[in-house]
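Notes to accompany the following structure.
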Amino acid sequence: MIPAEEFDRIVTRALRKIPGRFRKRLQNVLIVVENEPPRPGLLGLYQGRPLTHRSVFEGFTQPDRITIYQGPHERMSRSVADLEEMVADTVWHEIAHYFGMDEMRVRRAERRRRTRQS
């Protein structure tokens, strides 16, 4: 297991890979790292109200929360480079939920994204 501080840096680098036009629109979002998910199979979790369900007339709300789980990422990765890529994919996935994409749309977008990167 790598030190928590190093995993935090990996998550920070993953956030920097998100295009600036999206990063600028991330508001009132808390991104945290936890060791293990509440249920098996989770790499990350978005908790909040997606932008597509908000109104300009809403007052202050608690921050949305994106949690990245260190343990499952480490167990599934074969190398540090693999870990970095997997974390970047998870961060992208959870941020897509913040922008209102449901699971099916996120999966389709991930397939298109991988095709463009190849």
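Of note:
- In the stretch 15-45, of all residues being within 13 Å of E85 (Cα to Cα) and in contact with a strand residue (DSSP E or B) (Cβ under 8 Å, 6 or more places away or on another chain), the one that is surrounded by the fewest Cβ atoms within 10 Å (Cβ to Cβ) corresponds to L15.
- Among the criteria (1) under 20 Å from M101 (Cα atoms); (2) modelled with pLDDT of 95 or more, the one E34 does not fulfil is (1).
- Hits in the stretch 73-110 - residues which are in contact with a Ser or Thr (Cβ under 9 Å, 6 or more places away or on another chain) and either at pLDDT 90 or above or in a helix (DSSP H, G or I) (or both): H73, L83, E84, E85, M86, V87, E94
The values are calculated or read from the model by the stated rules, or taken from the named source; none is laboratory data. Everything numeric here is computed off the predicted structure, so don't read it as measured data. Virtual Cβ from ideal backbone geometry, glycine too; neighbours counted across all protein chains shown.
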